[in-house]
Amino acid sequence: MNLDDYRGVWVFIEQNDGKIEGVSFELLGAGRKLADKLDVPLAGFLLGDGIKSLANQTIAYGADQVYVIDHPVLKHYRTESYMKGVIYLAQTYKPEIILYGATPNGKDLASAVATDLSTGLTADTTMLDADVEKRLLEASRPAFGGNIMATILCKKHRPQMATVRPKVMKALAPDYERSGQVIEEKISLKEEEMRTKVLQIVNDVTKKTNLADAHVIVCGGKGMGDLQNFQLIHELAETIGASVGGTRDVVEAGWLPHEQQIGQTGETVTPKIYFAIGVSGAIQHVVGMKNSELIIAINKDPNAPIFDVATYGIVGDAMEIVPQLIAQFKSLRTEKGGEVSYA
Amino acid sequence: MHIVVCVKQVPDTKIIKINPKTNTLDRRSAPAILNPYDAHAVQEAVKIKRKTGGTITVLSMGPPQATAVIKKSIEIGADRGVLLTDRAFAGADTLATSYALSKALERINMDLPIDLVICGKHAIDGDTGQVGPGIARRMDIPPITSVIEVTEVNQEEKTVLIKRKLTSGYELIQSEMPCLLTVEKEINDIEYSPMPNMIKAARYEPIIWSVNDLENVDRTQLGLKGSPTIVGKMFTPPRPEGGKKLEGSVSEQVSQLMEILMEKKDLFTLTSSR
């Protein structure tokens, strides 16, 4: 493999039902920086059925080129059909870097493609950079349960690939005046050769927690002690109309369902206000909430790393502080005769 | 029906410590357990077998003491287990791991054809979720990731109906068998192991294979040599400056916090419901 044959930064533009996933825009933003640093074009690649029109949007968010494979067999995401398209594109155009959103489909696709291309893939990346001289992607992610970051390199194989956590990178403001090149490719796909069929897609909004869209989140950690004390988290959340989240430990202990886990292996959230109560602030948790606008931490341990990311911190016993907070909010409510809410 | 479940022994990351001087994992600080997602994978195999009959084989790769997770799988209800253990496999990333496991699966398949491979969604020490799909590609069978329900197994038609989790909701997939599933925790609850399983597990001697027990192995694809990715460096992210710590008694601090919150009118306002 001649590494110098590989040039360019590519981003998988994930679309569902003709709508591009937010993480793809974020990756175009992150990819733009890498491409500029490496002095190469940034390309998006788009697969689906009747999705050509999405190319313009891809360019508006920062791509110089968009590779499009439009085919009826690609209507729904399937590993076997999508990977065929991606492998064809990668072998034909030889990008040096390919980024995918760490969504169920993005991770699935990247894992299959990496195996067939015999190349390296870094999972759930939260920091991206490039070593220009060595032309290496530096993909960093929390490791070992999340108290430390590891930078993963792929020195001798191309393309260098990574899946990237949603909501960690920043999308550029779209510019519909930007011009770019759209390259259409055709591959042979036959429905009768497919071994899997998507029979039905159910958008189950009730099951998805509202954490991702919440304006205010009250998150409890194992510092709450036990399930009974953890009820204080629910009570505070209810009083101020917030959503409840928990750390990995809390979910492992069964105090909350997995859907409410915030962090590397749970949800990434960006609310306007984030209460971290009895949360120590392990890296794997912090990557899932550090982009919140206002972070309030309550913890007994003055050295807890959560205070490093908190806007305001209270060192003290949550069992003492939270009831007082609840009482204050409740009295405020009676006093003014209204509901606490957020803009 | 022959179901193979791939399992991994992992340090319990909830309690593992990092040596602050060397930034490396202090493996002695944490007990080794069966990866929680893999326990659900074994449990799902047991549930399927209840309806279809057949054999459940577990496969693991790791140091000799990883026989413990095979015994644990027998306790949940697996019939037999193979441990791949050899220094040649050491230092493998996900690509080299899926290669080694697929070679072992090849041998298992020769002995008794495989209908279904089940893996956990990811291992809690690596959190990648890449090995399952990697194995499927190498065996050239469809990978179906993020499985939350095995709705139907049709042995005559050789098909399965699967619910697969999506970002918002799920999809119903029909796949030919053999195929590979990676399962989410919500797929089932781990049942209490019946006494006969516990006794069987205690007495069970896992089958041990070294690299020499596998056929047609390209050694350059194994272990560290076969791994395209390497850890460049480990670091604790630069500590942000941190915010302001409030001071005073508890009630003083709570009052200060209330003031701060009320000041952020654009964030947090009190609206009259009347």
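Of the candidates A:52, A:84, the single residue that is open to solvent by 10 Å² or more (accessible area, probe 1.4 Å) and either modelled with pLDDT under 95 or not in a loop (DSSP other than H, G, I, E, B) (or both) is A:84. Filtering region A:195-244 to residues that are among the basic types (Lys, Arg) and buried (at least 19 other Cβ atoms within 10 Å of the Cβ) leaves only A:222.
Could you count how many residues in region A:55-90 are small (Gly, Ala, Ser) and over 16 Å from residue A:8 (Cβ atoms)?
Let us first name the residues in region A:55-90 that are small (Gly, Ala, Ser), namely A:55, A:60, A:62-63, A:81, A:85, A:90.
After this cut, where a residue has to be over 16 Å from residue A:8 (Cβ atoms) as well, the list is A:55, A:60, A:81, A:85.
Count: 4.
When the residues of region B:175-198 are filtered to those that are open to solvent by 50 Å² or more (accessible area, probe 1.4 Å) and farther than 20 Å from residue B:74 by Cα, which remaining residue is nearest to the other protein chains (Cβ to nearest Cβ)? Ranking the qualifying residues of region B:175-198, first place goes to B:176. Please find, within region A:17-42, the residue that is farthest from residue A:57 (Cα to Cα) out of those that are in a strand (DSSP E or B) and in contact with a strand residue (DSSP E or B) (Cβ under 8 Å, 6 or more places away or on another chain). Looking at the filtered set, the residue picked out is A:42. With respect to residue A:292, is the statement that it is among the small types (Gly, Ala, Ser), open to solvent by 30 Å² or more (accessible area, probe 1.4 Å), in contact (Cβ under 8 Å) with a residue 24 or more places away in the chain and more than 10 Å from chain B (Cβ to nearest Cβ) true? Taking the combined requirement at face value, the residue does not satisfy it. Residues that are surrounded by 14 or more Cβ atoms within 10 Å (Cβ to Cβ) and either modelled with pLDDT of 95 or more or not assigned by TED's automatic domain parsing to the domain that holds residue A:137 (or both) were ranked within region A:156-170; the one that is farthest from residue A:96 (Cα to Cα) is A:164.
Give, as residue ranges, the strands (runs of 3 or more DSSP E) completely inside region B:92-169 that count at least 2 residues that are over 13 Å from the mean Cα position of the chain (by Cα) and over 28 Å from residue B:216 (Cα atoms).
Working: elements: B:116-120, B:143-154, B:159-166.
By residue number, B:143-154, B:159-166.
Restricted to region B:132-174, and to residues that are at the interface with chain A (Cβ under 8 Å from one of its Cβ atoms) and in contact (Cβ under 8 Å) with a residue 40 or more places away in the chain, which residue is most open to solvent (accessible area, probe 1.4 Å)? Once the filter is applied, the top-ranked residue is B:138.
In region B:92-120, which residues are open to solvent by 50 Å² or more (accessible area, probe 1.4 Å) and not acidic (Asp, Glu)? Scanning region B:92-120 gives B:107, B:109, B:110, B:112, B:113. Within region A:111-155, the residues that satisfy the criterion of being free of Cβ contacts under 8 Å to residues at least 60 places away in the same chain, acidic (Asp, Glu) and at the interface with chain B (Cβ under 8 Å from one of its Cβ atoms) are A:116, A:138.
The values are calculated or read from the model by the stated rules, or taken from the named source; none is laboratory data. Every value quoted in this text rests on a predicted model; they were computed, and no experiment measured them. Quick reminder, even Gly has a Cβ in these numbers, built from the backbone with ideal geometry, and neighbours come from all protein chains shown. The area values use the complete protein model at the heavy-atom level, side chains included, leaving out ligands, DNA and RNA. Shrake-Rupley method; radii C 1.70, N 1.55, O 1.52, S 1.80 Å.
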